[in-house]
Amino acid sequence: MIFSLRLITSALAACACLQLSSAMAQGFPNPGKPIRIVVPFPPGGTSDIHARQVASKLGPGSGRIRDRREQARRLDHHRRDGGGQGRTGRSHFALHAFADCCVNPHLFSKLPYDPIRDFTPITYACNGPTVLAVSTSLPANNVRELIEHARKNPGKLNFGSWSPGGTGQLNGELLKEFAGIDIVHVPYKGSADLVQALASGQVQMAFDGLFTARTLEKAGKVKIVAIADDKRAVAAPGVPTMAEAGAPGAYVSGGYHFFGPANLPRAIVARLNAELVKVLRMQDVDEMYTSTGMEVVASTPEEQVVILRTQSERQGSIIRKLGIKLD
């Protein structure tokens, strides 16, 4: 059995494999064997970049990424359903994802796990808010103009999300409720599909990561009109917060977590936390996270538990208020 870690995200995914140095591996299950970082969503976006960056820094030299063709055999079932809101990756690797921690317990009536008790927190890597990207085909250059246009065209505008029940949908639903507008939610199987839909005009707006939204902005397909957070992103200082844009409180944000299997010995948790925190605070890693709209936190496991509970309470209250259920 290969010891595994899970990088928790609210967006995209990849599966990376890293080999720890022999010194770090001592005391771990099967020392010297690879430690996998598993991200249970479709590949092709920000999570893939983050997982590989961290893997390369943790491994000896430049680290080692396992051939995607080999991983494809292991992950074929979860890729076919786009990651299943982060649930299928867990069934194969018995690990945990961000969406599961804070959203799935409120979206599904029955889950075969407890999002905190059944996994071991290692560190909360970073905050990762989404941004509101609006198609250039709409006569709206800010949130107020978007709301005005939507009110004049009830039921005619669509907003997309990378997965039903994720923060992308929650932010759209919150904006919809706040502004009293009739916009239709269209879920996709991952951010890559959402980006294509937004670029082709299948949907007119979406809350997505800054990295992917900027790609569309540079191609002239969208305008980024707000960030779903309480402060502006360092990488996009000109993008106003939802409150500044005229929609205070109409947002929810997430982030990236690292977890291990349940019941890890404290010594191993402390060691993993120390190594991951060291990597996350490296200048080039911090710059990479910042460039994609993230803010490195690199918490202790104890701080991570508090963050998890706070996020779960916030997102759970929103889901209950909006009456969203996926079963």
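Here T123 meets each of (1) hydroxyl-bearing (S, T, Y); (2) open to solvent by 10 Å² or more (accessible area, probe 1.4 Å); (3) out of contact with any Asp or Glu (no Cβ under 7 Å at 6 or more places or on another chain) with one exception, condition (2).
Which ones in segment 237-266 are aliphatic (A, V, I, L, M) and touching a residue at least 60 places away in the same chain (Cβ under 8 Å)? V239, M242, A245, A247, A250, V252, A262, L264 - these are the residues of segment 237-266 that are aliphatic (A, V, I, L, M) and touching a residue at least 60 places away in the same chain (Cβ under 8 Å). Name the single residue that is surrounded by the most Cβ atoms within 10 Å (Cβ to Cβ) among those in segment 250-263 being in a loop (DSSP other than H, G, I, E, B) and out of contact with any Leu (no Cβ under 8 Å at 6 or more places or on another chain). For segment 250-263, the residue satisfying everything is S253. The residue list I324, I318 contains one member that is surrounded by 14 or more Cβ atoms within 10 Å (Cβ to Cβ) and part of a helix (DSSP H, G or I), which is I318.
Among the residues making up segment 144-170, those that are at pLDDT 95 or above and part of a helix (DSSP H, G or I) are R144, E145, L146, I147, E148, H149, A150, R151, K152.
For segment 201-230, what are the residues that are among the charged types (D, E, K, R) and touching a residue at least 40 places away in the same chain (Cβ under 8 Å)? Scanning segment 201-230 gives D208, E217, K221, K223, D229. In the set A267, A298, only one residue is surrounded by 14 or more Cβ atoms within 10 Å (Cβ to Cβ) and hydrophobic (A, V, I, L, M, F, W, C); that residue is A298.
Scanning segment 275-295 for residues that are hydroxyl-bearing (S, T, Y) and either open to solvent by less than 50 Å² (accessible area, probe 1.4 Å) or at pLDDT 90 or above (or both) yields Y289, T290, T292. Could you tell me whether any residue of segment 224-234 is touching a Pro at 6+ places or on another chain (Cβ under 6 Å), of a type outside the set (G, A, S) and open to solvent by less than 30 Å² (accessible area, probe 1.4 Å)? So far as segment 224-234 goes, yes, one or more of its residues are touching a Pro at 6+ places or on another chain (Cβ under 6 Å), of a type outside the set (G, A, S) and open to solvent by less than 30 Å² (accessible area, probe 1.4 Å).
Among the residues of segment 214-236, those that are closer than 16 Å to M288 by Cα and either part of a loop (DSSP other than H, G, I, E, B) or touching a Gly at 6+ places or on another chain (Cβ under 9 Å) (or both) comprise R214, A233, V234, A235, A236. Going by the conditions given, is V186 within 23 Å of the chain's Cα centre (by Cα), open to solvent by 10 Å² or more (accessible area, probe 1.4 Å) and of a type in the set (A, V, I, L, M)? For V186, the condition - within 23 Å of the chain's Cα centre (by Cα), open to solvent by 10 Å² or more (accessible area, probe 1.4 Å) and of a type in the set (A, V, I, L, M) - is met.
The residue list L194, L198 contains one member that is buried (at least 24 other Cβ atoms within 10 Å of the Cβ) and more than 14 Å from T136 (Cα to Cα), which is L194. For segment 165-183, a residue qualifies if it is over 18 Å from V131 (Cβ atoms) and open to solvent by less than 50 Å² (accessible area, probe 1.4 Å), and the qualifying residues are G165, I181.
The values are calculated or read from the model by the stated rules, or taken from the named source; none is laboratory data. Nothing here was measured: the structure is a model prediction, and the numbers come from that model. Here the Cβ is made from the backbone with ideal geometry for all residues, glycine too, and neighbour counts use every protein chain on show. The area values use the complete protein model at the heavy-atom level, side chains included, leaving out ligands, DNA and RNA. Shrake-Rupley method; radii C 1.70, N 1.55, O 1.52, S 1.80 Å.
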